[in-house]
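The values are calculated or read from the model by the stated rules, or taken from the named source; none is laboratory data. A quick note: this is a predicted structure, and the numbers were derived from the prediction, not measured. Ideal geometry is used to build each Cβ from the backbone, glycine not excepted, and the neighbour counts take in all protein chains shown. When the accessible area is computed, the model is the full protein with side chains, heavy atoms only, and any ligands, DNA or RNA have been set aside. Shrake-Rupley method; radii C 1.70, N 1.55, O 1.52, S 1.80 Å.
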Amino acid sequence: LTRDQIEQWERRVLERLPNMYTFTKLLSEKLLEDWAFETQQLPKMTVVRPTVVCSAQTEPHPGFISSKDAVAAMMLAYGKGYVQRLDAQEDHIMDIVPVDYVCENILAAGLLRHNFDGKFVVQTSITGRSPQ
């Protein structure tokens, strides 16, 4: 493929998805589904899809985070004063979920897994409510 072809393909894919991160998550699931179809094996697959993950609410302690990537980098830059303003639309919600909530959902999904065949998907978000 030429560079132009790759860029054209990328634009077509991303016009339906918000970013490359979302695309790679989708691609991973699709690869597993294709493998299951080709091998005629239906693995018990659990997919946990968190929204934007941030620092912990309570466990192991409030504010715990092991990475300074993604939203953590933005919050750190804002907190240190490097970013003076965050432009946003009032009616848009940035659904940020604490990492300990994501961990709890992963554990719960594992416990519920035995009730389902094939693909089991858990969406993890706190849209519209405070995690407190």
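What the table below lists for this structure:
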quantity	calculated
Residues located in the range 64-106, provided they are assigned to a helix (DSSP H, G or I) and exposed (fewer than 10 other Cβ atoms within 10 Å of the Cβ)	GLY79
Residue match in the range 118-131 (condition: at pLDDT 80 or above, open to solvent by less than 80 Å² (accessible area, probe 1.4 Å) and under 24 Å from LYS25 (Cβ atoms))	no
Meets criteria (among the polar types (S, T, N, Q), free of Cβ contacts under 8 Å to residues at least 24 places away in the same chain and surrounded by 12 or more Cβ atoms within 10 Å (Cβ to Cβ)) for THR51	no
Residue count for the range 1-53, restricted to those that are in a helix (DSSP H, G or I) and within 22 Å of ASN115 (Cα to Cα)	5
Residue list for the range 14-26, filter: exposed (fewer than 13 other Cβ atoms within 10 Å of the Cβ) and not hydroxyl-bearing (Ser, Thr, Tyr)	GLU15, ARG16, PRO18, ASN19, MET20
Restricting the range 31-48 to residues that are open to solvent by 90 Å² or more (accessible area, probe 1.4 Å) and over 27 Å from PRO98 (Cα atoms), the residue that is nearest to the chain's Cα centre (by Cα)	LEU31
Qualifying residue in the range 29-46 (condition: in contact (Cβ under 8 Å) with a residue 12 or more places away in the chain, of a type in the set (Asp, Glu) and in contact with a helix residue (DSSP H, G or I) (Cβ under 9 Å, 6 or more places away or on another chain))	no
